[in-house]
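Some notes on the structure that comes next.
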Amino acid sequence: MAYRVSSFSQYEQDYQFSVENPEAFWEDIASNYSWIRKWDKTLEWNFDEPKVEWFKGAKLNITENCIDRHLASKANQTAILWEPNDPKERFKKITYQDLHQQVCRFANVLKRNGVGKGDRVCLYMPMIPELAIAVLATARIGAIHSVVFAGFSAQSLADRINDATCKMVITADGLYRGAKEIPLKNIVDEAVEDCECVERVLVIERTAWNTEMQAGRDVWYHDEVQHVGDECPAEPMDAEDPLFILYTSGSTGKPKGVVHTCGGYMVYAGYSFQNVFQYDPGDTYWCTADIGWITGHTYIVYGPLLNGATTLMFEGVPTYPDAGRFWQVCDKHHVNQFYTAPTAIRALMACGDEHVLPYSLNSLRVIGTVGEPINEEAWNWYNVHIGKEKCPIVDTWWQTETGGIMISSLGEYGPQKAAHAGFPLPGIQPVLLDEKGNEIQENEKEGYLAVKFPWPSMIRTTWGDHERCKKVYFSHYNGYYFTGDGAKRDAKGLYRIIGRVDDVINVSGHRFGTAEIENAINQNIHVAESAVVGYPHDIKGQGIYAYVILRKPVDDTDFISAEIIETVKEEIGAIAKPDKIQIVSGLPKTRSGKIMRRILRKVAEGEPDKLGDISTLLDPNVVAEIVKGAQ
Ligand code: WT7
């Protein structure tokens, strides 16, 4: 089995082999990594408990695979190329040799501060090299990282820290993101007030702002690192030991901690990176995500480093200082593979082609998208203006829970069809299910997207609550991993992802549960009840539409709406703030008290003439009021 697929017919052969002999297939791929001890059993599984164990009995450390094993041949090659928020600030190149030293030192600082194998460490950081280094340092000593995107509020951060009972929080004094400056440490201070589990806050200096340090709890990284050495042996980990927890939203109120393990995640992160991006030695690869999301974990840090690649890490945003920044950085660093989100593509498309024209973009070879369905218009613009019709577009479908890319072309090997992710990667067995859970065999059909056989980087559990993992992913359809997405297969069998079929809204490629946002809105003292739905949004893919019942009627609804937005920012973060708020006096409910979201969705989508049957409502009159109010 080739580690790197290099023709479409080879893909077809490998795919077939992987379905017929999954264990042999993955053993073969796994043999490309360095293991401290080989596994006794390749796979043990059942989707009922669920229990999935890959490479059982094996020992490894993922950082040895990401760093140490490249030192013999690539010590002086750039591992991480860091581009700051401000284009006038100097970029940084961290070679594999440097990375080894910095990760070891950081790991020693962790140990010195009481962190050991199995302990949970929360990372709430800017997109600076120290974030990637901290991730790797945690993994090096066998601690479990839980990275929380630095756009989440103190409340969300506290919830995540407590859920995983993190011993340490790693943060920075402040963060630059576009024109914004955010005092991260202050947010951590506020969060940690409610977190008894936190013993240490380790602070990196980024902005050199005046920062209060709590004696006995807070330490500066630059002080701590003075006391440690350059060597730190990698902790031998069981293949099934947890590597990290990453929180993601679902259809219930509370985000859940998706758990990934060391061995399987490593094998799939490395394999999928190599194949989807067709990375060649010497290339510069750039994924624009934040490490706070799974995309950043797998395709900024682990996947590229496992392959000895040069991975570009960007601190800023696409529109700062202007809407040409992505393209300027591509030219500046001769980027060969570029991976971003449809929302960024649409936003930049809307800014006008004049921001692209000054740049040649001629280093690009493969361009990719992830996070949400890409509409044809955005796909075409990306293809023509960025890929210059010579770069294959990899439309990569996957999820936090899948750990790595599941459906995508492998660079140029695979179909190029707008809005279609295409075929599954070798080793991945997706199916479409009908309402009853029967597999749909024919093409040109639509159904629920599920996966019928385990793959190495799949979710193992939800932290602290295995039942929840079972209920959310393995109970809708017995014997399948259920994705929560709807999909179609075209005449040739290419998958097209339609979107979520559950109460999850995908805003700019980020997931929020409707219940989660409703809970936040309901924290506002003026609010009696609320219902949230998604609606099509030109840039974000989906926007958030909130219907709110107030405790007392007010005259100034603009003021109340602004207050509600503030509450959501405090409870979750600015990324979850509603785009539209409609004050209503009632919600469409069935006699059993269930909100009929279908109706609210239709109104939000601007199709009040397509409400369907509303006769089962407790009070059909509220619908007329809502429709009127929406206009
Ligand atoms: C959900 C997962 C996985 C990285 C980023 C998001 C949607 C993801 C695509 C795509 C259509 C996509 C799905 C999925 N999604 N990629 N290429 N085409 N939809 O991770 O937050 O775990 O969200 O994002 O709805 O279920 P996530």
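Below is a table of values for the structure above.
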| read-out | value |
| --- | --- |
| Failed condition for R511, given (1) within 19 Å of I581 (Cβ to Cβ); (2) under 18 Å from the mean Cα position of the chain (by Cα); (3) part of a strand (DSSP E or B) | (1) |
| Selected residue [aliphatic (A, V, I, L, M) and farther than 30 Å from D538 by Cβ] from L305, L312, L348, L357 | L305 |
| Listing of strands (runs of 3 or more DSSP E) fully contained in the stretch 22-96 that carry 1 or more residues being in contact with a Gly (Cβ under 7 Å, 6 or more places away or on another chain) and buried (at least 20 other Cβ atoms within 10 Å of the Cβ) | 51-56 |
| Some residue of the stretch 371-387 being touching a residue at least 12 places away in the same chain (Cβ under 8 Å), in a loop (DSSP other than H, G, I, E, B), more than 10 Å from the ligand (Cβ to nearest atom) and open to solvent by 20 Å² or more (accessible area, probe 1.4 Å) | yes |
| Strands (runs of 3 or more DSSP E) (entirely within the stretch 391-471) containing at least 1 residues that are of a type in the set (K, R) | 445-451 |
| Residue check, V472 open to solvent by 40 Å² or more (accessible area, probe 1.4 Å), within 16 Å of the ligand (Cβ to nearest atom) and either modelled with pLDDT under 95 or within 19 Å of H260 (Cβ to Cβ) (or both) | yes |
| Test: residue in the stretch 123-135 that is open to solvent by 20 Å² or more (accessible area, probe 1.4 Å) and closer than 27 Å to D283 by Cβ | yes |
| Members of the stretch 388-397 that are near the ligand (Cβ under 8 Å from one of its atoms) and in contact (Cβ under 8 Å) with a residue 60 or more places away in the chain | T396, W397 |
| Residue that is nearest to the ligand (Cβ to nearest atom) [pool: residues in the stretch 475-501 that are in a loop (DSSP other than H, G, I, E, B) and within 20 Å of P342 (Cβ to Cβ)] | V501 |
| Yes/no for D230 being in the same structural domain as M127 (by TED's automatic domain parsing), in contact (Cβ under 8 Å) with a residue 12 or more places away in the chain and surrounded by fewer than 19 Cβ atoms within 10 Å (Cβ to Cβ) | yes |
| Sole residue being surrounded by fewer than 16 Cβ atoms within 10 Å (Cβ to Cβ), more than 16 Å from the ligand (Cβ to nearest atom) and without any contact (Cβ under 8 Å) to a residue 60 or more places away in the chain, chosen from A520, A528 | A528 |
| Residues (within 28 Å of N210 (Cβ to Cβ) and part of a helix (DSSP H, G or I)) located in the stretch 136-175 | A137, A154, Q155, S156, L157, A158, R160, I161 |
| So Y413, is it within 16 Å of the ligand (Cβ to nearest atom) and hydroxyl-bearing (S, T, Y) | no |
| Single unsatisfied condition, M1 versus (1) within 25 Å of the chain's Cα centre (by Cα); (2) surrounded by fewer than 21 Cβ atoms within 10 Å (Cβ to Cβ) | (1) |
| Boolean, E571 is of a type in the set (D, E, K, R), open to solvent by less than 60 Å² (accessible area, probe 1.4 Å), touching a residue at least 60 places away in the same chain (Cβ under 8 Å) and away from the ligand (no atom under 16 Å from the Cβ) | yes |
| Any chance I583 is free of Cβ contacts under 8 Å to residues at least 40 places away in the same chain and either among the aliphatic types (A, V, I, L, M) or closer than 17 Å to G606 by Cα (or both) | no |
| Near pairs, Cβ below 6 angstrom, 6+ apart or cross-chain, from the stretch 487-504 (of a type in the set (D, E)) to any residue that is within 11 Å of the ligand (Cβ to nearest atom) | D502/G484 |
| Selected residue (only one of L425, L433 is touching a helix residue (DSSP H, G or I) at 6+ places or on another chain (Cβ under 8 Å) and hydrophobic (A, V, I, L, M, F, W, C)) | L425 |
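The values are calculated or read from the model by the stated rules, or taken from the named source; none is laboratory data. What you see is a predicted model; the values in this text were computed from it and never measured. Cβ: placed from backbone, ideal geometry, glycine included. Neighbour counts: every protein chain shown. Accessible surface areas use protein heavy atoms only, side chains included; no ligands, DNA or RNA. Shrake-Rupley method; radii C 1.70, N 1.55, O 1.52, S 1.80 Å.
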